[in-house]
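None of the figures in this text is laboratory data; all of them are computed from the coordinates on show. Please read these numbers as outputs of a predicted model, since none were measured by experiment. Positions of Cβ are generated from backbone atoms using ideal geometry, with glycine treated the same way; all protein chains shown enter the neighbour counts.
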């Protein structure tokens, strides 16, 4: 696993064996960020991200590498939260992030309204009910025009509409799918 592009391009990232961490693949991350930047390498500069169920932190780290000004990593597993800090340290990242070792649903009320430009949501695939719960908790946190990207298994569809969110795009790559949601 590595950082795909930007300031930390090609730098390695560590993962943990034995835990239920399923890092977003390099190929899927590359597809995600190609969609978000649409050929403009500066498209994410100054953006604020929430990387929920962060695991290794790969998606949030990719956002930092591409110019995000702030990434909030939320991960409930102590070993994974420590791994995120280790990955950030190995890259020399010392600002522009916060790592919260907390359950995502409990963490959401800690942010002010209209705070995030992008939210990456990647819970364990078997916890299908958490997609709807988390999306509903994000309604007040997303800035106008902001985007929630949910990674999920191809055999599960969180829906075209979840609360006030509607899906604008859906990309499948292998067994993984990215659903892009915006507020109506």
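By the beta-carbon count within 10 Å of each Cβ, the least crowded to most crowded order of 94, 51, fewest first, is 94, 51.
Could you calculate the FRET efficiency of residue 105 with residue 79 from 1/(1 + (r/R0)^6), where r is the beta carbon distance between them and R0 is 22 Å, rounded to 0.05? According to the calculation, E is roughly 0.60. For a label point 7 angstrom out from the Cα of residue 182 toward its Cβ, which stretches of the range 113-149 have the backbone nitrogen within less than 11 Å? Correct set: 144-148.
The fewest-to-most ranking of 148, 93 by surrounding Cβ atoms within 10 Å reads 93, 148. With helices as the sole contributors, the chain gives -7500 deg cm²/dmol at 222 nm; each DSSP H run of n ≥ 4 counts as -39500 (n - 2.57), and the sum is divided by every residue. What is the distance in Å between the Cα centroid of the range 122-136 and that of the range 152-184? The distance from the Cα centre of the range 122-136 to that of the range 152-184 comes to 11 Å.
Over the C-alpha atoms of the chain, the Rg to Rh ratio, Rh being the Kirkwood estimate, stands at 0.92. Shown is the FRET efficiency for residue 15 and residue 175, computed with R0 = 22 Å from the Cβ-Cβ distance and rounded to the nearest 0.05: 0.80. A straight chain from residue 27 to residue 128 at 0.36 nm per residue would run longer than the Cα-Cα distance by 34.0 nm.
Sorting 72-78, 42-48, 115-121 by average packing, meaning the other beta carbons within 10 Å per residue, from highest down gives 115-121, 72-78, 42-48.
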